[in-house]
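Notes follow the structure.
All of the numbers you see were taken from the coordinates with simple rules; none came from a lab. Quantities reported herein were computed from a predicted structural model and do not represent experimental measurements. Neighbour counts are summed over all protein chains in view; Cβ atoms, including those assigned to glycine, are modelled from backbone coordinates with ideal geometry.
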Amino acid sequence: MLKGHAITKVFNRGTINQKLALDGVDIHLKQGEFVTVIGSNGAGKTTLLNSLAGNFFLDNGKLILAGNDITKLPRHKRANLISRVFQDPMLGTAAAMTIEENMVIALRRGLTRRLRKAITTKDRNLFREELCKLGLGLENRLTNKVSLLSGGQRQALTLLMATLREPKLLLLDEHTAALDPKTAEKVLDLTVRVQDEYKLTTFMVTHNLTHALEYGNRTIMMHEGRIILDIKEEERRDMTVARLLKMFEKASGTLMNNDRMMLV
Amino acid sequence: MEQIIIGTLEQGFMYAIMVLGVYLTFRVLDYADLTVDGSFTLGAAITATLITSGVNPWIATGMAVVGGSLAGVFTGILHAKFKITPLLSGILTMTALYSINLRVMGKANISLLRARTIFTDFANLPFMDKYSVLILTVIAVIVCCIFLYLFLRTEFGLAVRATGDNEEMIVSQGVNTQLVKIIGLSLSNGMVAFAGSFVAQNQQFADVGMGIGMIIVGLASVIIGEALIGNSSVGRTIIAVVFGAVVYRAVIALVLQLGLPPTDLKLVTAFIVIIALISPDLKQNLGRSGIWIKSRGKEG
């Protein structure tokens, strides 16, 4: 589904702060694969995700998604293929607009915005049905402004919006990091549910090693802009957090250094 | 007295068209667009020049809208394509327009006395007497309001609103926000020039300095309207800003009645905006001391 070849990105080139953020990363994701991405501070996890989303163009390398070369496509043109949930719950929705307005925007993700009435009765019924699945009671609050929702509710809504039009690739950027543990569990459960329902190819950055092993079916570990471990199938089934840390130390030659990393 | 009231309403509704344009950029797109000062005059200049050279006034008014829209496109391109800040993009266009307006008119002002305008045409219709200016203006305002209301509820209109609300989000939903901003600025300045055209035809002259301070008049009207009527939904805010434009004119008329010279109007306008901008603090402090009973919540 996704083929990334020799992805390279240098920040602040030619200055004293020059940093090789992505050092020729090769990544292949199969259709329906749910990969969790971990690594120490500055390892390049979020940079890799941003490079897929199109926040910046690569200095070198190639990106093929579902047969389309997206290497040189700007962010808004990739939206047709890619959905994204941000770390900050405020980023995924427009606060001053209503729930139904946000949802109808997502319903036409990547499509031409026409000069016709945005929300139809049919849309409303669809939104109600979809919101029901969240079990948060939002189905009765279609015309409420999103600013009235809690961070967890907004993140759940963003996740729902990300799948209203099925994407070829779902990007999750530590999307539960800003939530309290209980809400984070709920949003993660929802993530698993939608991923499974549509068999979405998913790329999830996380700082929680337990989550990284518990969710998804493949885990990659990054260090200094490279993928140093790629664990799947049987090897992953028997993996523990402690063993994962050992493997990291062996592969990188340093200790895992992530001030936000959660081991349990 | 009746004369003053009707005059105030006429002026209020005429400027309301400009205020709707300011609302579209300032509130919906979250873009402080200073092009307004220049595009208002541009609308007046195009209309006056075309009318004096014998063009049909309705076509001249249409051309004013086109001219204003192009000015908006120019500001939009400066900002979206060349990454110049919103404030500076507007100032650049406004400054350039000062010379352009002089070129369009060929001199600093043009008189339209005894010329055929949309108002003289309209007054010649059957059953029209002294209210014809007001009626035509109100029709224009209603058309603009309905247009804006329907536009902001289309799929594209939602993208415009989201661009002003959360650009990161709407880009990730596949919208080219550069294009959205250019189109939004174009619509806004089209409406502003439309208002300039109305004002010139009503006062029967166009002057190169008539747009100075127009953005502040627009902001004052938007803020007054929102404070008095509220901004909980798009429809409500549109009605609020039109109301704000009329109230602003009423305040100005009152100040003139009190004997202040017209040259002090800009000072008064600036004061109204300053008071309106600091009033949330004012309300809070008054509220604490028990003088202000209910403070209207406004979303950030």
Checklist outcome for this item: As a percent rounded to 5, the proportion of antiparallel DSSP bridges among beta bridges in the protein assembly as shown is 60 percent
Item to check | Between region A:41-112 and region B:67-122, the alpha-carbon center distance in angstrom | outcome: 38 Å
Checklist entry - Which value in nm describes the separation of the simple spin-label points at A:K117 and B:F82, placed 7 Å from the Cα toward the beta carbon? => result 4.3 nm
Next on the checklist: Cut-off 10 angstrom, C-alpha nodes, Gaussian network model of chain A. Which of A:G152, A:G24, A:G135 fluctuates the most?
Outcome noted: A:G135
Checklist outcome for this item: So the FRET efficiency between A:K182 and A:H5, C-beta based with R0 = 30 Å and rounded to 0.05, is 0.15
Next on the checklist: Taking 31 Å as the cut-off for C-alpha to C-alpha distance, list the pairs among A:K9/A:K232; A:K199/B:K81; A:K30/A:K186; A:K122/B:K83 that go past it.
Outcome noted: A:K199/B:K81; A:K122/B:K83
Checklist entry - If you look at just the Cα atoms of region B:91-163, how large are its Rg and its Dmax in Å? => result 18.6, 47
Checklist entry - What does the charge dipole of the protein assembly as shown about its Cα centre add up to, to the nearest 20 debye, if the Cβ of each Lys and Arg holds +1 and the Cβ of each Asp and Glu holds -1? => result 560 debye
Checklist entry - Going from the alpha-carbon gyration tensor of region A:142-264, what semi-axes, largest first and in whole Å, does one get by taking the root of 5 times each eigenvalue? => result 29, 17, 12
Checklist entry - Highest mean first, what order results for B:55-66, B:183-194, B:88-99 on Cβ atoms within 10 Å? => result B:183-194, B:88-99, B:55-66
Next on the checklist: What's the magnitude of the charge dipole for region A:110-264 around its Cα centre, counting Lys and Arg as +1 and Asp and Glu as -1 at the beta-carbon? Answer in Debye, nearest 20.
Outcome noted: 920 debye
Checklist entry - What list of ³J(HN,Hα) couplings, whole Hz, do you get for region B:265-270 from phi and the Karplus terms 6.51, -1.76, 1.60, once you set θ to phi - 60° and write x for glycine and proline? => result 4, 5, 5, 4, 4, 4
Checklist entry - Per-residue HN-Hα couplings for region A:119-136, Karplus 6.51 cos²θ - 1.76 cosθ + 1.60 at θ = phi - 60°, whole Hz, x for Gly and Pro? => result 10, 9, 4, 4, 4, 4, 4, 4, 4, 4, 4, 5, 5, 4, 4, 6, x, 10
Item to check | Lys/Arg +1, Asp/Glu -1 at C-beta; region B:2-263 dipole; positive extreme among B:V217, B:S186, B:I4 | outcome: B:S186
Checklist entry - How large is ³J(HN,Hα) for each residue in region A:233-239, as worked out from phi by the Karplus curve 6.51 cos²θ - 1.76 cosθ + 1.60 (θ = phi - 60°), to whole Hz, x for Gly and Pro? => result 6, 4, 4, 6, 4, 8, 6
Checklist outcome for this item: When chain A is treated as a Gaussian network with springs between alpha carbons less than 10 Å apart, the largest mean-square fluctuation among A:M222, A:M161, A:M239 is found at A:M239
Item to check | For chain A, built as a Gaussian network whose Cα springs stay under 10 Å, the top-fluctuating residue of A:K168, A:K45, A:K182 | outcome: A:K182
Checklist outcome for this item: Rounded to one decimal in nm, the spacing of the 7 Å Cα→Cβ label points at B:I212 and A:N125 is 6.2 nm
Item to check | Simple spin-label estimate for B:W58 and B:K266 in nanometres, 7 Å along Cα-Cβ | outcome: 3.7 nm
Checklist outcome for this item: Inter-chain shielding metric for A:93-99, i.e. average beta-carbon neighbours from other chains within 10 angstrom, reads 6
Checklist outcome for this item: Here the FRET efficiency for B:V251 versus B:L70, based on Cβ atoms and R0 = 35 Å and rounded to 0.05, is 0.60
Checklist entry - Which far-off residues, 5 or more places away or on another chain, put their amide H under 5 Å from the one on A:E33, with H placed in the peptide plane? => result A:T202
Checklist entry - How fast does region B:2-263 diffuse by Stokes-Einstein, in µm²/s, taking the Kirkwood radius from C-alpha pairs at 4 °C and 1.567 mPa s? => result 70 µm²/s
Checklist entry - Under unit Cβ charges (Lys, Arg +1; Asp, Glu -1), what dipole magnitude, rounded to 20 debye, does region B:2-263 have relative to its Cα centre? => result 360 debye
Checklist entry - Using just the C-alpha positions of chain A as equal point scatterers, what log10 of I(q)/I(0) does the Debye formula give at each q in 0.07, 0.09 1/Å? => result -0.25, -0.42
Item to check | Amide H partners (placed H, <5 Å) of B:L260, local residues excluded | outcome: none
Checklist entry - To the nearest 10 degrees, how steep is helix A:181-198 against the longest Cα principal axis of chain A, on a 0 to 90 scale? => result 80 degrees
Checklist outcome for this item: The Rg/Rh figure for the protein assembly as shown, Cα atoms and Kirkwood Rh, to two decimals is 1.07
Checklist entry - Counting DSSP beta bridges with both partners in chain A, what percentage is antiparallel, nearest 5? => result 55 percent
Item to check | Theoretical gain in end-to-end length, A:C132 to A:K246 [0.36 nm per residue, Cα-Cα removed] | outcome: 36.7 nm
